[in-house]
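Report on one structure; see the data block that follows.
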Amino acid sequence: MNGVWALVHAERRALVEDLAGLPPDRWGTPSLCDGWTVHDVAAHLVDSARTTRVGFVLGMLRARLDFDRLNGAGVARERGNGPADTLERLREVAPRTTAPPAPLDTRLVEEVVHGEDIRRPLGIVRAYPPEAVERALRLQARTPAAYGGGRERAAGLRLAAAGGGPGLGDGPVVSGTALDLLLALSGRGAALEGLGGPGADALRARL
């Protein structure tokens, strides 16, 4: 558990560093997360880091069990008074160890996938720790889409990560970096051009 939190905290700090010199107008850049700007995703990460088990349950009840409504309320609450305020909030929550009632590796999914939601449109490249990406990929491959995962997208396919990364599932092979496979399972079409193999078209069709 401590190892996972160390990875999560490192990703939060890295994102703060990447955003520290970003001009305010670039915070309005559309992210890879449909309908959200870079600023929205950053605010969501603040909200996610503040989430507790009890707070999540109460929030879901207020949102009438609608994840999108819950997330939208969190973004509106944590956007702050402009980019500088939101960035400071990101910095403040970086060391937190609270989480919703879900597997701890969901914290890695949040930080890596949303980190790319922000970085790719801005042209920022990060070399993520392989353990963080691989743990997130394994979790997404077994988590139903209804809970934010990609199990249905991965069904009947063999995910073969380049560079000695994990191989998951059985069926036609989809090859690529572990990061691109993770993003594809998480519904990010921007990662598809980095994938190959006989199963790649099937995965593209599922997105």
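Values in this text are rule-based calculations from the coordinates and carry no lab data. All values derive from a computational prediction rather than experimental measurement. Cβ: placed from backbone, ideal geometry, glycine included. Neighbour counts: every protein chain shown.
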Q. Counting only the backbone N, which residues of region 39-71 are under 18 Å from the spot 7 Å out from the Cα of ARG26 toward its beta-carbon?
A. 39-43
**Q.** Percent RCO, i.e. relative contact order, over the chain, from Cα pairs under 8 Å lying at least 6 residues apart
**A.** 18 percent
(Q) Can you give me the angle between helix 67-78 and the longest principal axis of the chain, using Cα atoms only, in degrees from 0 to 90, rounded to the nearest 10? (A) 40 degrees
Q: Return the long-range amide H neighbours of ALA99 (sequence gap of 5 or more, or a different chain), with a cut-off of under 5 Å between placed amide H atoms.
A: ARG53
Q. With each run of n ≥ 4 DSSP H residues scored as -39500 (n - 2.57), what mean residue ellipticity at 222 nm is computed for the chain after dividing by its residue count and rounding to the nearest 500 deg cm²/dmol?
A. -17000 deg cm²/dmol
**Q.** Taking all pairs of distinct alpha-carbon atoms in the chain, Kirkwood radius in angstrom
**A.** 17.3 Å
**Q.** Using alpha-carbon coordinates, inclination of helix 130-142 to the longest axis of the chain, degrees
**A.** 70 degrees
Q) So what does the Cα-only Debye profile of region 130-206 read at q = 0.13, 0.23 Å⁻¹, as log10 I(q)/I(0), no solvent term? A) -0.29, -0.98
Q) In square nanometres, what is one fourth of the surface area of the convex hull spanned by the alpha carbons of region 2-122? A) 6.8 nm²
